[in-house]
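The values are calculated or read from the model by the stated rules, or taken from the named source; none is laboratory data. Bear in mind that the values here come from a model prediction, so they are computed numbers and not experimental data. Glycine also receives a Cβ, built like all others from the backbone with ideal geometry; neighbour counts cover every protein chain displayed. For accessibility, only protein heavy atoms count, side chains too; no ligands or nucleic acids. Shrake-Rupley method; radii C 1.70, N 1.55, O 1.52, S 1.80 Å.
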Amino acid sequence: LKAALVCGRVLGTNFEQGKQFVQECLEKCGVDENIDEQHTRTALVEVGAETVLEIESLLTHAEKPPGPFLGGQTPDAADAYLVPALWVAHNLLESGVARCFAKKFKGNADTPCTFHDLGGSSIVTYLENWSRRDSWSQTLRARDTVKSAASIRHVVDFMVAVAPDTCDVGDMLSCMNRARRVDTYYQRALRLFADIIPPVPPFAERPKRTPGRDSAWRPEAAEEAHTPGALGGIVKTVGGGDERRSRREESVRETSLAEFSSTSVDAPLESAPVAPVDADAPTSFPPETSNPGLTKQESQKKAKKRKPTKSRTNATICI
């Protein structure tokens with residue numbers, strides 16, 4: 001499903017990594033590339049729509065155990081496998097990234113479509129049922145994250161990286177901004193951290209990407225982060241001390257069910273989420289070396305340190 005949603009955007013790129021990505025998507029969808037790109041896009045849309053109908057059938061099947069999940073009242077392994085894919089697909093659709101689907105089902109490529117348009121009326125309800133579980137809020141830090149810009153941020157950046165000729169950065173930025181506008185968790189965080197969010201850096205200080213190459217900008221390892229200027233301040237800005245930052249983070253977390261409608265929820269609502277606790281530092285040592293004379297501590301000291309990879313840049317500031 002995800003492959004069908006994004007492949008139409010990347011299709012037609014002249015960059016090698018983009019072409020490889022297209023081939024991977026087509027293989028997953030079982031679609032042969034046609035010399036007519038529009039014919040291929042049509043086939044991808046058909047595969048995506050058929051997949052949505054199949055998932056809808058599974059969620060509403062009469063023989064399914066009673067309850068909001070495939071496993072019944074509580075999720076099973078099939079649910080755990082299905083939900084992350086549907087979460088990303090939901091946001092790809094509603095943000096407008098899946099442009100060819102919008103053109104097919106809305107008649108206008110600039111008007112995003114939804115699962116409902118594709119015949120998957122139960123899918124968003126399924127995601128909302130998931131969002132009411134403690135496991136969801138403990139993982140995503142809030143319950144109001146069904147509409148999530150973060151869920152597609154990495155996908156969008158990858159597409160711009162490997163196929164900048166077909167995935168126009170301005171167009172993709174519009175999709176991300178559309179996702180951010182309806183992402184209540186993101187908007188709440190913006191309000192709470194407004195005084196420490198740095199301004200958009202001047203063009204000269206923005207990281208540069210190599211067209212057609214997937215990359216990940218790591219500001220802590222980039223030269224720009226250690227130089228004066230708006231971009232350098234991004235890494236160094238901490239935000240008012242640990243106590244103030246802790247209060248902000250607690251405020252951002254959603255611990256109430258008031259923002260959600262309880263309609264079409266078969267399972268009883270669970271208690272408010274427990275704030276995630278930072279994991280303890282690992283105490284186990286790596287496996288002992290073949291030399292039995294070495295202690296674990298000595299083995300740890302003698303272990304080779306992996307050389308950090310060279311920082312690569314992308315369109316993080318743009319997207």
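The table that follows gives values for the structure above.
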item	result
Enumeration of residues in the range 83-106 that are among the charged types (D, E, K, R) and within 14 Å of the chain's Cα centre (by Cα)	Glu94
Which numbered condition Ala98 misses (of (1) closer than 24 Å to Leu140 by Cβ; (2) modelled with pLDDT of 95 or more)	(2)
Test for Thr74: is it open to solvent by 30 Å² or more (accessible area, probe 1.4 Å), over 18 Å from Asp183 (Cα atoms) and β-branched (Val, Ile, Thr)	yes
Test: residue in the range 85-92 that is open to solvent by 10 Å² or more (accessible area, probe 1.4 Å) and of a type in the set (Val, Ile, Thr)	yes
Among (1) β-branched (Val, Ile, Thr); (2) assigned to a loop (DSSP other than H, G, I, E, B); (3) out of contact with any helix residue (DSSP H, G or I) (no Cβ under 7 Å at 6 or more places or on another chain), the one test that Val97 misses	(3)
Scan of the range 22-64 for residues that are within 20 Å of Leu82 (Cα to Cα) and over 25 Å from the mean Cα position of the chain (by Cα), ordered by number	Ser57, Thr60, His61, Ala62, Glu63, Lys64
Residue ID - most open to solvent (accessible area, probe 1.4 Å), chosen from residues in the range 132-142 that are under 22 Å from Arg178 (Cα atoms) and either in contact with a helix residue (DSSP H, G or I) (Cβ under 7 Å, 6 or more places away or on another chain) or assigned to a loop (DSSP other than H, G, I, E, B) (or both)	Arg141
Of all residues in the range 146-186 being in a loop (DSSP other than H, G, I, E, B) and touching a residue at least 60 places away in the same chain (Cβ under 8 Å), the one that is nearest to Pro68 (Cα to Cα)	Ser148
Answer residue from the range 52-64, given it is out of contact with any Gly (no Cβ under 9 Å at 6 or more places or on another chain) and assigned to a helix (DSSP H, G or I) and is most open to solvent (accessible area, probe 1.4 Å) among those	Glu54
Qualifying residue in the range 150-157 (condition: open to solvent by 60 Å² or more (accessible area, probe 1.4 Å), within 16 Å of the chain's Cα centre (by Cα) and β-branched (Val, Ile, Thr))	no
Members of the range 100-131 that are more than 21 Å from Leu11 (Cβ to Cβ) and outside any loop (DSSP other than H, G, I, E, B)	Ile123, Val124, Thr125, Tyr126, Leu127, Glu128, Asn129, Trp130, Ser131
Pick from the range 20-38, criterion open to solvent by 70 Å² or more (accessible area, probe 1.4 Å) and part of a helix (DSSP H, G or I), ranking: farthest from Val52 (Cα to Cα)	Gln20
Residues that are in contact (Cβ under 8 Å) with a residue 24 or more places away in the chain, assigned to a helix (DSSP H, G or I) and over 23 Å from Ile123 (Cα atoms), drawn from the range 1-19	Arg9, Val10, Glu16, Gln17, Gly18
